[in-house]
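Chemist: I'd like to ask some things about the structure below.
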Amino acid sequence: MVAAGRGVRAAAGGAAERKQYRAIRGEPMLLRALRPFLGHPRVAAIVVVLPPEDVAAPPPWLASAALASSAPGRIAVVAGGAQRQQSVAHGLAALPVACAVVLVHDAARPFADRALIDRVLAVADLGAVAVPAVPVADTLKETDAAGLVLRTVPRERLVAVQTPQGFPRAVLEAAHQRARGEVAATDDATLCERLGAPVRIVAGSRRNIKVTTAEDFAIADALAGEPCADEGPA
């Protein structure tokens, strides 16, 4: 669970606390993001990657969630790095050796559900990288540095990628090992693509939004008040 960001864009709305700790309908976003994994029967261990200065004294509700789960003690906390890629590598290194399949999820996506996790695991179990995604609905245009439109991008085969992403552990470790010192990628599937590993898209969810800006919290509050039912293939 990657939660080591500074939340700069969300802080533009005047919030003093880190984005991942801000409440959505009275519950911290990180805790909302954790719940479906805490309640999933196949999730044996969870590593939460926090900002380095928060590791010594994590939010008290994080410890309470661990104690209340079906397997107390399965949540570990580690310090993140300067970039997301480094943070994921730190979390991966802290997982128990017995974990053969790894899910990487962003704390900024608080509405993943069990059905989505199951779809990702079903593909990762077969030895492929599993990436949830939804078809792109907007018209996309490529622009130059001055903002002039160069072309309209065909969207028929384009998808918007989400997390959790699922990986055979050996593949993800090899991808991160090879990526050391390279230009950072925005998701772990990209590292696996560079490695030549098979990457397969699975159905994501329109509810599985990423909370990035202050305005996104208003959308998240509205979603949190709606019944949570999986949409199936998007």
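Chemist: From Asp113, Asp188, grab the single residue that is charged (D, E, K, R) and surrounded by 19 or more Cβ atoms within 10 Å (Cβ to Cβ).
Modeler: Only one candidate passes the filter, namely Asp188.
Chemist: Can you confirm whether Ala222 is among the hydrophobic types (A, V, I, L, M, F, W, C) and exposed (fewer than 13 other Cβ atoms within 10 Å of the Cβ)?
Modeler: Values: among the hydrophobic types (A, V, I, L, M, F, W, C): yes; exposed (fewer than 13 other Cβ atoms within 10 Å of the Cβ): yes.
In short, yes.
Chemist: Shifting gears a bit: Out of Arg42, Arg35, I need the residue that is within 29 Å of Leu223 (Cα to Cα) and surrounded by 14 or more Cβ atoms within 10 Å (Cβ to Cβ). Which one?
Modeler: Exactly one residue qualifies, and that residue is Arg35.
Every residue, every condition in (1) among the charged types (D, E, K, R); (2) at pLDDT below 95; (3) crowded, with 19+ Cβ neighbours inside 10 Å, yes or no:
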| site | (1), (2), (3) |
| --- | --- |
| Ala12 | no, yes, no |
| Arg18 | yes, yes, yes |
| Ala57 | no, yes, no |
| Pro72 | no, yes, no |
| Ala79 | no, no, no |
| Val123 | no, no, yes |
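Chemist: Any idea which of (1) touching a residue at least 12 places away in the same chain (Cβ under 8 Å); (2) of a type in the set (D, E, K, R); (3) touching a strand residue (DSSP E or B) at 6+ places or on another chain (Cβ under 7 Å) is the one Asp138 doesn't satisfy?
Modeler: Looking at each condition in turn, Asp138 falls short on (3).
Chemist: Which of (1) without any contact (Cβ under 8 Å) to a residue 12 or more places away in the chain; (2) in contact with a helix residue (DSSP H, G or I) (Cβ under 6 Å, 6 or more places away or on another chain) does Thr213 not meet, given it meets every other one?
Modeler: (1)
The values are calculated or read from the model by the stated rules, or taken from the named source; none is laboratory data. Keep in mind that this is a model prediction, so the values were computed, not measured. Note: ideal-geometry Cβ built from the backbone for every residue, glycine included; neighbour counts use all protein chains shown.
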